[in-house]
Amino acid sequence: MNLVVVSNRVSRASASEPMTGGLAAALLPVVEKSGAIWVGSSGRVRDGAQKEPFAEIEALGAGALAMLDLPAAHYAGYYEGFANSALWPALHSRTDLIRSSHDDYQSYREVNCFMARALLRFRKPDTVFWIQDYHFLALGAELRDLGVTHPIGFFLHTPWPTRAIFGGVPHHRELVEAMLAYDLIGFQTDDDRDNFLSYIENELGLDASDGVVASRFGTSRCAVFPIGIDPAKFAAHAAKAASHPDVSRLRRSLNGEKLAIGVDRVDYSKGLINRIEAFDRMLTLRPQLKRTVSLLQIATLSRGTIEAYGDLQNQLAKLVSDVNGRHGEVDWTPIRYLNKGFSQTVLAGLYRTAQVGLVTPLHDGMNLVAKEYVAAQNPVDPGVLVLSKFAGAANELDSALLVNPHDIDGMARTIATAFSMPLRERQLRWEAMMARLRAGTIQDWFADFVEALREAHVASEQAGAKSASEPPILWPAAAFGSTAGSRFH
């Protein structure tokens with residue numbers, strides 16, 4: 001099998017280099033070991049004059065990375081515009097933050113067209129295409145339009161919202177119709193899959209019996225594949241990092257204080273404002289905790305050119321300053337706030353140092369930080385995970401202390417409880433969560449999806465679905481107000 005994995009960006013990062021984003025952390029180890037080709041943006045752009053998409057290819061373990069320069073005329077509209085100012089807020093149920101123009105949507109479709117054409121060079125008789133995440137909802141349809149009859153699967157790393165919320169996305173119907181070109185559509189949770197199927201049945205009027213949808217493309221199977229980590233590898237990182245200078249300095253600086261840790265991108269879905277307010281509230285309600293506990297919040301900056309993100313960055317910095325000014329003393333700061341990234345090895349060491357892990361998103365597809373924090377703990381003296389019930393990980397890690405991130409007082413009390421939890425209870429909760437992590441590793445996720453994709457493709461072929469000679473058309477070429485020649489295929 002020649003597996004081609006596609007995402008918006010690829011990652012070269014090793015365990016010793018900073019890594020941002022759960023998707024990159026998840027895909028890197030399986031690509032290295034499986035021999036897959038991982039295709040994505042190089043982070044550079046080019047004008048549209050080149051005859052063929054330019055790809056830089058380099059080895060990655062047994063696999064390879066293929067990095068493409070995306071078209072300069074459309075990248076901003078595709079990435080900052082439609083993907084992250086329309087789809088991302090909608091997928092996280094923030095319709096109030098949707099900002100999009102017709103030009104943004106056209107650019108999104110143009111980049112999906114461009115990527116489809118670029119993928120043709122990797123097509124072999126035994127190729128399987130696996131598309132990742134919301135940047136490429138329409139990529140499968142573009143591949144089918146080019147005559148590709150190979151298995152094509154899609155996995156969504158974010159949540160999928162209710163049909164009423166997704167209906168707020170401009171051109172939502174065209175996008176979901178295009179998604180039905182995939183043989184297999186994977187989701188993180190049952191709720192995500194059920195929301196998608198509800199949209200299919202109520203908005204498109206299609207039958208979705210047993211998670212299988214028949215459309216003009218053939219059949220598409222919709223199923224749940226909760227993404228995991230490699231817990232043994234992460235535990236090894238944590239043990240190795242004990243002597244790392246960053247970890248050693250942190251331990252020495254605590255002076256016997258207990259530490260809570262949060263690791264997130266600066267994103268409105270992560271609930272960072274609520275988390276800081278809850279920590280502030282805890283210190284107000286339990287003043288005896290001052291000087292005995294502190295919070296290390298690592299918050300890597302992202303998408304700063306998008307207004308909602310720039311505003312959030314400023315709001316967070318001010319809030320942290322206010323909390324530190326209100327509760328801090330000359331020799332004690334309640335919140336350490338860092339905007340830089342750390343390697344997985346160092347993060348594992350920081351997780352093990354912290355007695356409490358705070359993972360409190362308002363809405364999250366899975367959240368691998370929750371799983372990494374658990375895996376990094378010392379089995380003899382494990383920390384406590386405080387986890388939002390709105391993270392996909394809460395379906396598996398139900399032995400964590402689950403919280404409603406909108407209930408600031410409730411979170412404050414739960415964080416205080418986590419700091420004072422007895423050793424035996426901590427051990428029992430940790431053992432239960434580790435059992436779940438070992439039962440659903442990243443390797444299991446990878447193998448289960450690929451096997452299910454093969455089966456779904458066979459079923460679709462047997463249904464007499466896809467025809468290379470008559471590719472389905474979902475929208476008129478003139479719908480974008482441009483000529484067919486302006487598209488990339």
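Tabulated data
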read-out	value
Long-range amide H partners of LEU60 with built H, under 5 Å	LEU65
Extension gain (nm, one decimal) between ARG9 and ASP448, 0.36 nm per residue minus Cα-Cα	155.7 nm
Phi-based couplings in Hz for region 150-167 (Karplus 6.51, -1.76, 1.60; Gly and Pro marked x)	6, x, 10, x, 9, 10, 9, 7, 8, x, 10, x, 5, 5, 5, 6, 5, x
Stokes-Einstein D for region 312-389, Kirkwood Rh over Cα pairs, 20 °C, 1.002 mPa s (µm²/s)	148
Relative counts (whole %) of C-alpha pair distances in region 71-129, using bins that are 10 Å wide	24, 38, 26, 12, 1
Region 126-190 - accessible surface per residue (Å², probe 1.4 Å)	19
Separation of alpha-carbon centers, region 424-461 and region 182-197, rounded to whole Å	16
Interchain or long-range residues, amide H under 5 Å from VAL212's placed H	CYS222
Accessible carbon and sulfur surface of the chain relative to its total accessible area, %, 1.4 Å	50
Mean Cα-pair separation over length for region 218-303, i.e. relative contact order, pairs under 8 Å, 6 or more apart, %	36
Solvent exposure of region 258-323 as accessible area per residue, Å², 1.4 Å probe	37
Span from the region 234-258 Cα centroid across to the region 306-341 one, whole angstrom	23
Region 248-338 - Rg and Dmax from Cα coordinates, angstrom	13.6, 41
Anchor LYS270: lysines whose Cα lies under 26 Å away (excluding residues fewer than 8 positions away in-chain)	LYS233, LYS258, LYS290, LYS318, LYS340, LYS371, LYS389
Cα gyration tensor category, rounded, prolate or oblate, for region 378-468 with a/c compared to 1.5	oblate
Rg/Rg_globular for region 203-354, with Rg_globular taken as 2.2 N^0.38 Å and Rg from C-alpha atoms	1.42
Proximal charge balance of PHE82 [Cβ under 13 Å; K/R count +1, D/E count -1]	-3
Cβ-based net charge around LEU283, under 15 Å, with every Lys or Arg adding one and every Asp or Glu removing one	+3
Assigned charges on the beta-carbon of Lys, Arg, Asp, Glu; region 30-122 dipole about Cα centre (debye)	180
All-pairs alpha carbon distance profile, the chain, 10 Å steps from 0, percent	4, 20, 29, 25, 14, 6, 1, 0
Reciprocal mean inverse distance between Cα atoms of region 181-267 - Kirkwood radius, Å	17.3
Length-normalised contact order for the chain - Cα pairs under 8 Å, 6+ apart - percent	17
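The values are calculated or read from the model by the stated rules, or taken from the named source; none is laboratory data. Predicted model, so just to flag it, every value in this text is computed and none were measured. Because the Cβ atoms are built from the backbone with ideal geometry, glycine has one as well, and the counts that use them run over all protein chains shown. All accessible areas refer to the heavy atoms of the entire protein, side chains included, with ligands and DNA or RNA removed. Shrake-Rupley method; radii C 1.70, N 1.55, O 1.52, S 1.80 Å.
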